[in-house]
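Report on one structure; see the data block that follows.
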Amino acid sequence: MRIYLARRLAQALLVLLGVSFIVFFILYLTGDPALILLPPDASAEDVQKFRETMGFNDPFVVQYGRFLAGALRGDFGQSVRHGEPAFNLVVERMPATFELAGAALLVALGLAIPAGIVSAVRRNTLVDYVSTVVALLGQSMPTFWLGIMLILVFSVQFNLLPSSGRGSLEHLVLPAITLGLFTTARITRLTRSGMLEVLSQDYIRTARAKGVSDPPVVWKHALKNAAIPIVTIVGIELGTLLGGSVITETIFAWPGVGRLSVQAIYNRDYPVVQAAVFLLSSTFVLVNLVVDVVYTYLDPRIRLR
Amino acid sequence: MRGGTTREGKSAETEPARTWSRPPSIQGGLTAPATTIPATTNPARREWILFLRRLARRRTALFGLIVVMLVVVAALGAPLIAAYDPTEQNITDRLKPPGSLDTAGRAHVLGTDHLGRDIMARVLYGARPALMVGFAAVAISGVLGMMVGLFSGYFGGRIDDVFMRLADIQLAFPFILLAIAVIGVLGPSLPVIIVVIGVSSWVVYARVVRGAVLSLREREFVQAAHALGSRDGRILLRHILPNAFTPWLVVATLDMARVIVIESALSFLGLGVQPPTPTWGGMLADGRVYISTAWWLATFPGLAILVTVLGINLFGDGLRDTLDPRLKL
């Protein structure tokens, strides 16, 4: 167990190193960062001086080392646009993104697990067909279109819910549904197929044979075993949710990291882009690490791998 | 099959019993009752016919295939089908609702946008960048992933370790964020979009192919080829690749759906193929501004994405269930 944890931790660190490299490389790709960071009317002499002081003339590896050292201290440089440290800008907006992603995950789990179970238990009935078709549609629907359609119906037509901003619970409803839809569809399908597989196992038949009534068989015996793949996918889906927040936040003017990073890209504010990508990716790596550890408690077989 | 009299839920298969199917015919022509096939057809063709028959029996998969074909026809035949040029502006006919007639008596079937451009024409032409990015990106990531999977699975050891760690790193990124950052930096253009999506999507292919190779490597026919003195390259190409192709194809189909959504998401954010080329995502972004006055602007391009992606997903699901029901994707 300890060996497994150590290995898993080392792997997470390696992944973070890779993330930092790619994030650094993003700025390197721009060609000459001096031309971006300086105002366009800077003289050639100023550019040269700036390059020297910022260390843009140093070898690639040296520059990367400096970036990494800065990133570890939370120093990604100043935002070109806002004149504040990029790190602070991103961290300030993190709670909004987590709130949205968390709400979306709640929506997804709250809808998908019951839907998947009912679908599996009442297989080939109307309920199953409806839930399967809805899940299929959900998996095929682009989130940004769903968001716009929800605004059209609930904000424009019926004026029930706000279409932008953050604050009350009402503000959270539409963005959370929009962001959570794809995940809902995926988990529904996964729960259904997992439950179907488990329900055909011998131990379920045994439980039924010895006279256990239907609800406990489904909820106690079957769900526990079907839950394992669901837990794994929750970790992976969180990446989808964090990435998807870029689009959902843009549609609903949600003041989170996703919207910040899109604006930063439009403004060519690369320190902010780097900080945002690095911090969101790190969050994702961290969550997956936690999920994996939780997972080993749920399913001891993993440890033996 | 054991225990034929158990109650509901005796079979774990996700499909009802009438759509009976077995794993791929590629696993050996022995499953084919020879009498049903004309003796003149060669074995490879016979397997294909059997496979197509099985696929055709799944009505949802067939429906998906038809939808996809229609989208391809729409993309290729857009100049013939569309009554208007997709970039032709007409300020007097701005924001006309679906079904309006213009001065010449031609109908704007799906209405016009804020510049008076025909939405029907734009939706038809919009299929082009979507499919182009879809096919090209899937080709890049598919080939990359196939090669990585083959080498990783076949040779194992250090190569395998390096590639699988790389895969972990890749999967640790919220993909869309990375794509946006890189495309934002490099500037959006068709090649950049294709390469960014293509290069960053190889992981699923590599994992699936690697899994298949790991088990194929131990099979008798591969060992026999070894014993006969075949070189690694020949074994990989001639014996392993054809058998690892099935799961690869399923992944490629379902991945195409994902890539098309990403392409439209990028163009929605203004980071896709640039105007004046019509894109579904770009139309949605335009339509979003007029959502309270002209619902048709955002509705139809979104429906186009939905229908296309749904078609591909249905076909992909059917393909998976026909070829390899155990593949968990």
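The values are calculated or read from the model by the stated rules, or taken from the named source; none is laboratory data. What you see is a predicted model, and the numbers here were worked out from it, not measured in a lab. Reconstructed Cβ throughout: ideal geometry from the backbone, glycine too, with neighbour counts over all protein chains shown.
Quick one: would you say B:GLY270 is in contact with a helix residue (DSSP H, G or I) (Cβ under 6 Å, 6 or more places away or on another chain), under 21 Å from B:GLU88 (Cα atoms) and not hydrophobic (A, V, I, L, M, F, W, C)? Answer is no for this residue. Meeting the requirement of 1 or more residues that are away from chain A (no Cβ under 14 Å) and among the basic types (Lys, Arg), the helices (runs of 4 or more DSSP H) wholly within segment B:177-242 are B:202-216. If you go through segment A:183-193 one residue at a time, do you hit one that is among the hydrophobic types (A, V, I, L, M, F, W, C), more than 9 Å from chain B (Cβ to nearest Cβ) and surrounded by 19 or more Cβ atoms within 10 Å (Cβ to Cβ)? Checked against the condition, which is being among the hydrophobic types (A, V, I, L, M, F, W, C), more than 9 Å from chain B (Cβ to nearest Cβ) and surrounded by 19 or more Cβ atoms within 10 Å (Cβ to Cβ), segment A:183-193 yields at least one hit.
Can you find even one residue in segment B:150-162 that is free of Cβ contacts under 8 Å to residues at least 60 places away in the same chain and within 14 Å of chain A (Cβ to nearest Cβ)? There is at least one residue in segment B:150-162 that is free of Cβ contacts under 8 Å to residues at least 60 places away in the same chain and within 14 Å of chain A (Cβ to nearest Cβ).
Note on segment A:131-152: residues that are farther than 17 Å from A:VAL107 by Cβ and more than 7 Å from chain B (Cβ to nearest Cβ) total 2. Counting just the residues of segment A:164-175 that are assigned to a helix (DSSP H, G or I) and in contact with a Gly (Cβ under 9 Å, 6 or more places away or on another chain), which one comes out surrounded by the most Cβ atoms within 10 Å (Cβ to Cβ)? Top of the filtered list is A:PRO175.
Residues satisfying the criterion are present in segment B:80-102 (criterion: touching a helix residue (DSSP H, G or I) at 6+ places or on another chain (Cβ under 8 Å), touching a residue at least 40 places away in the same chain (Cβ under 8 Å), at positive phi and not polar (S, T, N, Q)). Please determine, by comparing only the residues of segment A:194-208 that are loosely packed, with under 15 Cβ neighbours inside 10 Å and either modelled with pLDDT under 75 or more than 10 Å from chain B (Cβ to nearest Cβ) (or both), which one is farthest from A:ALA120 (Cα to Cα). Ranking the candidates gives A:THR206 first. Taking (1) at pLDDT 90 or above; (2) over 16 Å from A:ARG93 (Cα atoms) in turn, A:ASN288 satisfies each apart from (1).
Of the residues making up segment A:210-263, those that are surrounded by 19 or more Cβ atoms within 10 Å (Cβ to Cβ), part of a helix (DSSP H, G or I) and in contact with an Asp or Glu (Cβ under 6 Å, 6 or more places away or on another chain) are A:GLY258, A:ARG259. So in segment B:255-313, with the set limited to residues that are within 19 Å of A:PHE154 (Cα to Cα), of a type in the set (Ser, Thr, Tyr) and facing another protein chain (nearest Cβ under 8 Å), which one is surrounded by the most Cβ atoms within 10 Å (Cβ to Cβ)? The residue in question is B:THR299. One residue alone among B:ARG106, B:ARG165 is among the basic types (Lys, Arg) and touching a helix residue (DSSP H, G or I) at 6+ places or on another chain (Cβ under 9 Å), and that residue is B:ARG165.
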